[in-house]
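Asks: Below are the structure tokens for one structure; questions will follow.
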Amino acid sequence: MTKTIKVIGIADCYGIESYLPYEESKKNAWLFTIRARANRHRHAVAYLALVKEKTDQTIGSAIRQGNYAKALRILKELAIEISLMPGTGVKKSWNLIPDPTLDPYKD
């Protein structure tokens, strides 16, 4: 049987900004939504996802290599289930990211 892992984090126009095991972060899960809302200009979205152990390892590898956009694309493609924070425009933002050109402050 394939092991699954529940993860929580934030993604934005640059890719995955944070990615942590939910069990270690659930007491502070509300902070992810607050941080994402503070960065909505970059289309930041807090997410909760269920992934297979192999997917978790692949995402972790992409993050360690600094390839945050790739990590987000893998999460979006291979997650078993993804829940997004509530709010207006969140689903639209999720569908647009990763895309660094969406950062209104980027030159």
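The values are calculated or read from the model by the stated rules, or taken from the named source; none is laboratory data. The structure presented is a predicted model; accordingly, all values stated were derived computationally and were not measured. Positions of Cβ are backbone-derived with ideal geometry, glycine not excepted, and every protein chain shown enters the neighbour counts.
Asks: Please specify each residue of region 74-84 satisfying the condition of being within 19 Å of residue 29 (Cα to Cα) and either in a helix (DSSP H, G or I) or modelled with pLDDT under 95 (or both).
Replies: Passing the criteria: only 75.
Asks: Go through (1) over 24 Å from residue 96 (Cβ atoms); (2) in contact with a helix residue (DSSP H, G or I) (Cβ under 7 Å, 6 or more places away or on another chain); (3) among the charged types (D, E, K, R) and name the single condition residue 12 misses.
Replies: Of the numbered conditions (1) over 24 Å from residue 96 (Cβ atoms); (2) in contact with a helix residue (DSSP H, G or I) (Cβ under 7 Å, 6 or more places away or on another chain); (3) among the charged types (D, E, K, R), the odd one out for residue 12 is (1).
Asks: Considering region 64-85 alone, what residues qualify as being in contact (Cβ under 8 Å) with a residue 12 or more places away in the chain and exposed (fewer than 11 other Cβ atoms within 10 Å of the Cβ)?
Replies: Passing the criteria: only 81.
Asks: Let me ask something additional. For region 37-59, which residues satisfy the criterion of being within 12 Å of residue 7 (Cα to Cα), in a helix (DSSP H, G or I) and in contact with a helix residue (DSSP H, G or I) (Cβ under 8 Å, 6 or more places away or on another chain)?
Replies: Once the filter is applied, which keeps residues that are within 12 Å of residue 7 (Cα to Cα), in a helix (DSSP H, G or I) and in contact with a helix residue (DSSP H, G or I) (Cβ under 8 Å, 6 or more places away or on another chain), region 37-59 yields 55, 59.
Asks: From the set of residues in region 93-107 that are assigned to a helix (DSSP H, G or I) and either touching a Ser or Thr at 6+ places or on another chain (Cβ under 9 Å) or not aliphatic (A, V, I, L, M) (or both), which is nearest to residue 67 (Cα to Cα)? Break it down into steps so the answer makes sense when it comes.
Replies: As a first pass, look at region 93-107 and keep what is assigned to a helix (DSSP H, G or I): 93-96, 100-102.
Keeping just the survivors that are either touching a Ser or Thr at 6+ places or on another chain (Cβ under 9 Å) or not aliphatic (A, V, I, L, M) (or both) gives 93-95, 100-102.
Details: 93: 20, 94: 18, 95: 19, 100: 13, 101: 16, 102: 17 Å.
Out of the qualifying residues, it is 100.
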